[in-house]
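S.K.: Let me begin by handing over the structure; questions about it come next.
Values quoted throughout were computed directly from the atomic coordinates according to the rules given, and no laboratory measurement underlies them. Not measured: the values here are computed from a predicted model. Virtual Cβ from ideal backbone geometry, glycine too; neighbours counted across all protein chains shown.
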Amino acid sequence: MNLSPLQKDRYGYKPHMPAVLEKKVSNISIEKGDATESVSDQTELKKMFPNTYGMPIAKLVEGPNADAGKKINVGVILSGGQAPGGHNVIAGLYDGIKAGNPESKLYGFLGGPSGLVEDKKIEITAGYLDEYRNTGGFDIIGSGRTKLETEEQFDISIEVCKKNSISAIVIIGGDDSNTNAAMLAEYFAAKNTGVQVIGCPKTIDGDLKNEHIETSFGFDTATKTYSELIGNIERDANSAKKYWHFIKLMGRSASHIGLECALQTQPNVAIISEEVEANKTSLADIVNDITDVVVKRADNDENFGVVLVPEGLIEFIPEMGALISELNDLLAEKAEYYNTLNTFEDQAEFINKNLSKDSSYAFSSLPNNIQRQLLMDRDPHGNVQVSRIETELLLIEMVEARLAELKSEGKYKGSFSHQHHFFGYEGRCAFPSNFDADYCYALGYTAFTLISNGLTGYMSSVKNLSRPASQWVAGGIPVTMMMNLEVRHGKNKPVIKKALVELDGAPFKAFAAKRDEWAVKTSFRFPGAIQYYGPDEICNAPTITLSLEHK
Ligand code: FBP
């Protein structure tokens, strides 16, 4: 392979570890806390998970573990969207397994969860892994979005594990994949298979977090990558002074990415979807708010600026959220008939006839391109694929129309030239920051110690992340503890509670305290590129979100 100098150098990076993981694996045991409860719906969840509900939190401590040296085979799966650091979770898991017993094996199931049911795998060897250490991407074994949720899939998984003498599976994924990991763990336990299942918290979106999972991996690197790009655009805007840049930022649902990038770069406008929902702000009001800022800046002769738009915004705008949810249900229920409609006109007519009056109005009020985007294929969970909806363009069009009205009324004299961007895929496979490289390696190594201590149905957890790595606290959190029941396709389903931006949380408050000033007075901040070498505050700083949440 033709390697870049950074790639070569990062292969040799030695991740920093929590002190307990520096011990020999035969001397890492667990300390169990009290029995746990799910976040809500305790009675129902206890019934659904009779074998794995209520297990205690496990903390890794120094102490003998006679089973650490047992020869075992482990399977690992990467699930869902890429997030920087996935390769290091596998590296940490591999190194832990081999430290236990060099004859133990790690199999990587190919292309995501479907690799398990199709028994498509490779054995991960030292030489193979060395080409992926501390690099971004999931290309070591590939990823996929197949859901593991049916009994048939679970039974096939048991057969695949038996055939390959696999006694543990590690699933690296987001909230849905970890929910499915918990269901698999429960099924395996109910059938006395002896196969353990451990999850690892992945997603750039940052919405898989709670008291015990301080952040999902990948959020750090992705937000630093986007913030670098936003800062560069801000400097360009401030140099040329001629464009308004509307930047959509990935994050399917929660606005953690947008909020962190706003704190890093101090743009003129940053929309936070959770606030839009809480205040029941309509699309027209969002447009008016942005227009106000454009007008005020034009009054100061500043006909340029930066607006950050979270990817999931459209679903949080009340009338649009209702429309999308009706569309999701309608397209799922009437899929057979709908798929026979070949032209957009026929589809739109069918949609309009079957929607409620309000949603039909909301649908008709949208520009044609956005209507088409709303009707595109759903993801495997039945959700609209928000990354394919050009919300940033919708806002530009509407702000432009509003400014034209104001101009005709003599209330606006500026000029509005615009550019639009979408930052998402640019950050999901970046070289992991030192933080993500260290955190992911520790998550993987911890996953092995949970396996060797006999646990199943747990998520690997590394806490105290705003401190240096040597002070991090490693352990395992029972997945059922993070669950509640939510209605999905008309049925109550157990799911890990998604962590949205909290409007009374420190990161949002810090942003809200400054945004009016940033709106009118150019206050751009330029974080620059991720650094891997240098002083701690430059190359090892966690996100502002994490620092504020755990101050
Ligand atoms: P995960 O929840 O699987 O981590 O993926 C998140 C994400 O990156 C979202 O931010 C984005 O909306 C989505 O994936 C894009 O999905 P795809 O890669 O299938 O286009």
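S.K.: Which value, in nm² and rounded to one decimal, describes the direction-averaged projected area of the C-alpha convex hull of segment 294-420? Intermediate values should be presented prior to the final figure.
M.R.: Values: hull surface 36.5 nm².
With the hull built on Cα positions only, its mean projection is 9.1 nm².
S.K.: Right, another one. Take the residue pairs LYS242/LYS413; LYS24/LYS551; LYS120/LYS163; LYS14/LYS98; LYS121/LYS209; LYS357/LYS497 and return only those whose Cα atoms are more than 20 Å apart.
M.R.: As for pairs spanning more than 20 Å Cα to Cα, those are LYS24/LYS551; LYS121/LYS209; LYS357/LYS497.
S.K.: A further question follows. Where does the Debye-calculated log10 I(q)/I(0) of segment 349-391 sit at q = 0.17, 0.21, 0.31, 0.35 Å⁻¹, using only Cα point scatterers of equal weight, no solvent?
M.R.: Per q value, in the given order, log10 I(q)/I(0) is -0.50, -0.74, -1.11, -1.15.
S.K.: Moving to a separate point now. When the scattering of segment 1-80 is computed by the Debye formula from its Cα atoms alone, each counted once and equally, what is log10 I(q)/I(0) at q = 0.14, 0.20 Å⁻¹?
M.R.: Each listed q corresponds, in turn, to -0.86, -1.08.
S.K.: Set the Förster distance to 30 Å, then compute FRET efficiency between THR36 and ARG145 from the Cβ-Cβ distance, nearest 0.05.
M.R.: Once rounded, the FRET efficiency stands at 0.55.
S.K.: Between ASP301 and LYS334, what's the calculated FRET efficiency when r is the beta-carbon distance and R0 is 51 Å? Round to 0.05. Can you show the working numbers first?
M.R.: Numbers: r = 54 Å, r/R0 = 1.05.
FRET efficiency, ASP301 to LYS334: 0.40.
S.K.: Only bridges with both residues in segment 106-213 count here: give the DSSP antiparallel percent, nearest 5.
M.R.: The antiparallel proportion sits near 35 percent.
S.K.: Could you rank the peptides 392-399, 457-464 by their average count of other C-beta atoms within 10 Å per residue, with the highest value first? Kindly include the intermediate steps, with their values, before the conclusion.
M.R.: Values: 392-399: 21.0, 457-464: 25.0.
Most protected by this proxy first, the peptides run 457-464, 392-399.
S.K.: Place the peptides 332-341, 93-102 in order of packing, highest mean first, counting for every residue the other Cβ atoms within 10 Å and averaging per peptide.
M.R.: Result, highest mean first: 93-102, 332-341.
S.K.: If the cut-off is a Cα-Cα distance under 23 Å, which lysines reach LYS353, setting aside same-chain residues fewer than 8 apart in sequence?
M.R.: Partners within reach: LYS334.
S.K.: Quick one: which residues, 5+ away or cross-chain, put their amide H under 5 Å from the amide H of ILE28? H built at 1.01 Å from N.
M.R.: Those lying under 5 Å, H to H, from ILE28 are GLY63, ASN65.
S.K.: A follow-up question, please. Per the Cauchy relation, a quarter of the hull surface: what is the mean projected area of the convex hull of the alpha carbons in the chain, in nm²?
M.R.: 26.5
S.K.: At a 10 angstrom cut-off on C-beta neighbours, averaged per residue, how do the peptides 430-440, 295-305, 175-185 rank from highest to lowest?
M.R.: Working: 430-440: 27.6, 295-305: 17.4, 175-185: 25.8.
Descending mean neighbour count gives 430-440, 175-185, 295-305.
S.K.: Between segment 17-66 and segment 385-445, how far is it from one alpha carbon centroid to the other, in angstrom?
M.R.: Using only Cα atoms to place each centre, the spacing works out to 40 Å.
S.K.: With the cut-off at 17 Å, report for segment 394-481 the share of all Cα pairs above it, as a whole percent.
M.R.: Across segment 394-481, Cα pairs with separations above 17 Å total 68 percent.
S.K.: Give the percent of DSSP beta bridges with both residues in the chain that are antiparallel, rounded to the nearest 5.
M.R.: 40
S.K.: Same structure again: Which value does Rg/Rh take for segment 411-533 over its C-alpha atoms, Rh per Kirkwood? Before the final figure, lay out each step's value.
M.R.: On the way: Rg = 21.2 Å, Rh = 19.6 Å.
A ratio of 1.08.
S.K.: I need the calculated FRET efficiency for the pair ALA512 and ASP285, taking r as the beta carbon distance and R₀ as 22 Å, to the nearest 0.05.
M.R.: 0.80
S.K.: State the extension gain, in nm to one decimal, for the chain segment bounded by ILE538 and GLU44, taking 0.36 nm per residue of separation less the distance between their alpha-carbons.
M.R.: Values: separation 494, 0.36 × 494 = 177.84 nm, distance 4.76 nm.
Additional length available on full extension: 173.1 nm.
S.K.: Once the Cα atoms of segment 244-286 are picked out, what are the Rg and Dmax in Å?
M.R.: Cα-based Rg and Dmax for segment 244-286 come out at 10.7, 28 Å.
S.K.: How big is the dipole moment of segment 1-147 about its Cα centre under a simple scheme where the beta carbon of each Lys and Arg is +1, that of each Asp and Glu is -1, and everything else is neutral? Debye, nearest 20, please.
M.R.: So the magnitude is around 160 debye.
S.K.: Within straight cross-link reach of LYS514, meaning Cα distance under 16 Å, which lysines are found once same-chain residues fewer than 8 apart are removed?
M.R.: Within reach: none.
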